[in-house]
Structure formats: structure tokens, C-alpha cells
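Engineer: One structure is given below, represented as C-alpha cells, and several questions about it will come after.
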């Protein structure tokens, strides 16, 4: 029974992720929002009351705090739009969070590149 509940939560999370990505791109018309917002993950609690929505922002003029503020203020509207497009009895409350994993991965990549470059310099000078 627990495995069945877990898989249902995963399916709902995936469905919410796809629908929200589409709704944010097509229905939210706030000019302050960056053009490229990606819904990278959605984690729904087991009781389906809260969905934590992880977003990433691409572009040069990204203001994480402002973007999160706009999306969290629009959460009620987005929840209603989800309810129109999904056949679920309970639509979870939405909480938007910035996904730091891409920045973390980029920082790791840069550190590895620096380490490799200094390692190559050491081998060349020997």
C-alpha cells in the first residue's frame, strides 16, 4: 500500500510539473518575470496538501527573489489554473523555491576545470 501511494505522488508531481511549466509560460504575463523560467522539479507531500515547486531561471537579468515573490503571489491563480486542467480531487497549495542544483553543478564544473588547468601547467613545467 505504501508503494502504491508513493507512485501516485510521483505521478501527480510529474503531471503538476508539466502543467505548471506550460501555464507559467502561456498565462503569466508579468513583464518583470524572466522569459526563461523552468520548472525543474515538483515535490508533493504524501497527503497532497503542499507542492514545493523548484524553478530555475536562465538569462542575464535574473532576480531570484523578485521572481520567487511574483510566482508565490500568483500561486492562487496558478493553483486554480491547475485545477481547470487536471482531474484531481485535491490540488495542492503551491510553494515556489529556487533550484540551486544547476548553479552548484556549474560551480563544480568550474572548480574541476581550474584543477585540471593547474594540473596541466604543473606537468608542462616539469
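Engineer: Nearest 10 degrees, 0 to 90: what angle lies between the long axis of helix 64-73 and the longest principal axis of the chain (Cα atoms)?
Structural biologist: Result, in degrees: 10.
Engineer: Roughly what % antiparallel, to the nearest 5, for the DSSP beta bridges in segment 2-101?
Structural biologist: On the way: 8 of 14 bridges.
Percentage antiparallel, nearest 5: 55.
Engineer: Between residue 97 and residue 117, take the C-beta separation as r, use R0 = 25 Å, and let me know the FRET efficiency to the nearest 0.05.
Structural biologist: The formula returns an efficiency of 0.15 here.
Engineer: While we're here: Out of these labelled values of P(r) over Cα pairs in 10 Å bins from 0, in percent, [x] 13, 42, 34, 11, 0; [y] 13, 34, 29, 16, 8, 1; [z] 11, 37, 24, 14, 8, 5, 1, which was calculated from the coordinates shown here?
Structural biologist: [z]
Engineer: Moving on to the next point. Over segment 5-64, what portion of Cα pair distances is larger than 17 Å, expressed as a whole percent? The partial results should precede the final answer.
Structural biologist: Details: 780 of 1770 pairs.
Summing the P(r) of segment 5-64 above 17 Å gives 44 percent of all pairs.
Engineer: While we're here: With the crude spin-label approximation of a point 7 Å out along Cα→Cβ, what separation in nm comes out for residue 38 versus residue 75?
Structural biologist: Roughly 2.4 nm, to one decimal.
Engineer: For the residue pair residue 30 and residue 108, what label-to-label distance in nm results when each label sits 7 Å from Cα along the Cα-to-beta-carbon direction?
Structural biologist: 3.1 nm
Engineer: For labels at residue 18 and residue 65 in the simple 7 Å Cα→Cβ model, what's the distance in nm?
Structural biologist: 3.7 nm
Engineer: Relative to the longest principal axis of the C-alpha atoms of the chain, give the angle of the C-alpha long axis of helix 2-27, reported between 0 and 90° and rounded to the nearest 10°.
Structural biologist: 80 degrees
Engineer: For a quick protection proxy, order the peptides 51-58, 62-69, 25-32 by their average other-Cβ count within 10 Å, most packed first.
Structural biologist: 51-58, 62-69, 25-32
Engineer: Return one number: the angle in degrees, 0 to 90 and rounded to the nearest 10, between the long axis of the Cα atoms of helix 75-85 and the longest principal axis of the Cα atoms of the chain.
Structural biologist: That helix lies at roughly 70 degrees to the long axis.
Quick note: the coordinates plus some simple rules give every number you see, no bench work behind them. None of the values given here were measured: they were computed from a predicted structure. All Cβ positions, glycine included, derive from the backbone under ideal geometry; neighbour counts span all protein chains shown.
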